[in-house]
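Visitor: Mind having a look at this structure? Questions to follow.
The values are calculated or read from the model by the stated rules, or taken from the named source; none is laboratory data. Predicted model only: the values in this text are computed from it and were never measured. In this analysis, Cβ positions are derived from the backbone assuming ideal geometry, glycine residues included, and neighbour counts consider all displayed protein chains.
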Amino acid sequence: MIEKKHITDRFIKYVTIDTESDPNNPAFPSTENQWDLAKVLVKDLTDIGMQDITLDENCYIMATLPSNIEYRVPTIGFVAHMDTSPDFTGKNVKPQIVENYQGNDIILNEEKNIILSPDYFEDLLQYKGQTIITTDGTTLLGADDKAGVTEIVTAMEYLIKHPEIKHGKIRICFTPDEEVGKGAHKFDVNKFDAEWAYTMDGSQIGELEYENFNAASAKITITGKIVHPGYAKGKMINSMQIANEYIASLPPEEVPEKTSNYEGFFHLHDMNGNVEKTVLEYIIRDHDLDLFEKRKYLMQRIAFDFNERLNEDLVEVDINNQYFNMKEKIVPVMHIVDIVEEVMKEIGIKPLIKPIRGGTDGSQLSYKGLPCPNIFAGGHNFHGRFEYIPVESMVKATEVIVGIATKVSEKYA
Ligand SMILES: [Zn+2]
């Protein structure tokens with residue numbers, strides 16, 4: 001069995017290394033401190049007996065667990081990210097361990113009166129009797145995704161210590177800069193050389209995800225005409241007024257604050273304007289590819305109609321695709337999801353299969369030729385001071401990794 005103390009110690013060692021990434025630095029990796037964890041991981045992977053360990057110039061770690069069976073089975077991979085979110089500080093993380101949690105309020109920080117309460121975070125109640133790791137209320141925890149990193153290292157160690165468990169070749173990769181959207185950018189899929197992989201980067205126990213948004217950004221630039229307001233009749237074109245009409249032309253219900261599950265949206269996240277020029281910045285999201293294309297078309301169409309009416313091209317729309325729903329790439333190889341579902345059920349986990357309302361590195365990897373669903377790593381309340389993780393969920397995630405390795409070797413026997 002996977003020992004709770006052992007996995008806790010490893011997790012704490014990783015979360016106390018600050019690896020916050022930086023969205024404003026174009027360098028790769030975006031922060032130097034990600035190397036600190038990378039170097040520790042290279043040593044740990046060496047110590048447990050992994051092979052072909054590489055740390056490349058972009059801070060990607062890859063390593064191999066060789067097959068211990070005679071016949072050939074597909075090489076599979078496990079992926080996690082080393083960085084933590086720039087949304088909240090990851091410096092001086094001081095994890096607190098609450099053993100045998102009883103469903104009460106957890107005081108994160110007495111002095112600052114910061115409390116993690118099941119009144120507000122009711123998911124806590126499903127972990128009564130378990131060991132919960134929290135922050136001290138002043139930082140994030142970094143379970144996203146150091147839980148994933150911990151689980152992969154621990155599963156590999158377990159398989160090495162238990163040669164009686166049969167498995168094919170396994171590849172693992174730890175990436176930098178996932179939180180700033182670049183985790184897949186310099187991922188060398190050819191070098192990784194696996195048939196498929198899993199990111200261990202989901203939230204609560206049971207999560208299994210293979211659908212995410214199709215995503216694009218849209219920039220609407222509106223040009224106006226400035227004239228002295230006292231003499232402006234029939235002459236002035238106020239770009240902010242046109243912007244206002246443009247915004248009102250989009251369906252008012254299709255915004256993030258009014259949508260859930262498979263409902264897509266237009267999200268106006270920035271606007272800047274004066275009479276002469278207004279710029280609107282949107283993101284467009286939809287799981288369905290047709291509806292996604294229709295959304296992009298609608299934004300163009302509204303601009304076209306304005307320009308017709310104004311008799312001049314004053315509204316300009318610039319749309320850029322950001323990422324696509326991995327479902328298109330996963331459905332043709334659906335057995336890679338089914339395997340995980342089977343493993344979860346066998347070890348008493350209820351699979352929670354739901355669409356991601358965002359993107360993952362796995363979606364980009366899937367489009368680079370490495371189909372890559374996402375599995376829970378166990379944490380909750382990512383990217384903030386209320387982040388926490390039950391140790392038992394980390395143990396279960398580790399068992400899922402071991403179980404997948406076994407199941408693949410059985411299926412292809
Ligand atoms: Zn993550």
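Visitor: Can you pull out every residue in segment 336-362 that is assigned to a helix (DSSP H, G or I) and free of Cβ contacts under 8 Å to residues at least 60 places away in the same chain?
Guide: Correct list: 338, 345, 346.
Visitor: May I pose another question? For segment 185-201, give me each residue that is modelled with pLDDT of 95 or more and within 16 Å of the ligand (Cβ to nearest atom).
Guide: 187, 197, 198, 199, 200, 201
Visitor: Are any residues in segment 373-389 assigned to a loop (DSSP other than H, G, I, E, B) and either under 12 Å from the mean Cα position of the chain (by Cα) or among the acidic types (Asp, Glu) (or both), and if so, which ones? I'd like the intermediate steps shown before the answer.
Guide: Taking segment 373-389 as the starting set, the residues that turn out to be assigned to a loop (DSSP other than H, G, I, E, B) are 373, 377-379, 381-387.
The answer is 373, 377, 382, 383, 387.
Visitor: Can you pull out the residues in segment 136-152 that are among the acidic types (Asp, Glu) and either part of a loop (DSSP other than H, G, I, E, B) or within 11 Å of the ligand (Cβ to nearest atom) (or both)?
Guide: Step one: of segment 136-152, the residues among the acidic types (Asp, Glu) are 136, 144-145, 151.
Across segment 136-152, the qualifying residues are 136, 144, 145.
Visitor: Name the single residue, out of those in segment 208-237 being among the β-branched types (Val, Ile, Thr) and crowded, with 21+ Cβ neighbours inside 10 Å, that is nearest to the ligand (Cβ to nearest atom).
Guide: That would be 220.
Visitor: Separate question: Restricting the search to segment 173-202, which residues are outside any loop (DSSP other than H, G, I, E, B), surrounded by 24 or more Cβ atoms within 10 Å (Cβ to Cβ) and touching a Ser or Thr at 6+ places or on another chain (Cβ under 7 Å)?
Guide: Scanning segment 173-202 gives 179, 199, 201.
Visitor: Consider segment 62-97. How many of its residues are more than 16 Å from the ligand (Cβ to nearest atom) and within 21 Å of the chain's Cα centre (by Cα)?
Guide: So the count comes out to 5.
Visitor: Let me ask something else about it. Of the residues 2, 76, 61, which single one is farther than 24 Å from residue 192 by Cβ and in contact with a helix residue (DSSP H, G or I) (Cβ under 7 Å, 6 or more places away or on another chain)? It would help to see each step written out before you state the result.
Guide: On the way: 76 fails: farther than 24 Å from residue 192 by Cβ; 61 fails: farther than 24 Å from residue 192 by Cβ.
Going through 2, 76, 61 in turn, just one is farther than 24 Å from residue 192 by Cβ and in contact with a helix residue (DSSP H, G or I) (Cβ under 7 Å, 6 or more places away or on another chain): 2.
Visitor: Do you know which residues across segment 386-413 are crowded, with 21+ Cβ neighbours inside 10 Å, of a type in the set (D, E, K, R) and more than 16 Å from the ligand (Cβ to nearest atom)?
Guide: Listed by number, the residues that qualify are 396, 399.
Visitor: Which of the residues that make up segment 234-257 are more than 21 Å from residue 290 (Cα to Cα) and not polar (S, T, N, Q)?
Guide: Answer for segment 234-257, where residues must be more than 21 Å from residue 290 (Cα to Cα) and not polar (S, T, N, Q): 234, 235, 236, 237, 240, 242, 243, 245, 246, 247, 248, 257.
Visitor: Next question. Could you list, in sequence order, all residues of segment 271-299 that are under 17 Å from residue 250 (Cα atoms) and exposed (fewer than 13 other Cβ atoms within 10 Å of the Cβ)?
Guide: 297
Visitor: I need the full set of residues from segment 310-334 which are surrounded by fewer than 12 Cβ atoms within 10 Å (Cβ to Cβ) and assigned to a helix (DSSP H, G or I), in order please.
Guide: 332
Visitor: Looking at segment 349-361, which of its residues are over 15 Å from residue 204 (Cβ atoms) and more than 16 Å from the ligand (Cβ to nearest atom)?
Guide: 355, the sole residue that qualifies.
Visitor: In segment 158-172, is there at least one residue being assigned to a loop (DSSP other than H, G, I, E, B) and within 16 Å of the ligand (Cβ to nearest atom)?
Guide: Within segment 158-172, not a single residue is assigned to a loop (DSSP other than H, G, I, E, B) and within 16 Å of the ligand (Cβ to nearest atom).
Visitor: If you check 205, 115, 133, which single one turns out to be free of Cβ contacts under 8 Å to residues at least 12 places away in the same chain, away from the ligand (no atom under 13 Å from the Cβ), of a type outside the set (D, E, K, R) and not in a helix (DSSP H, G or I)?
Guide: 115
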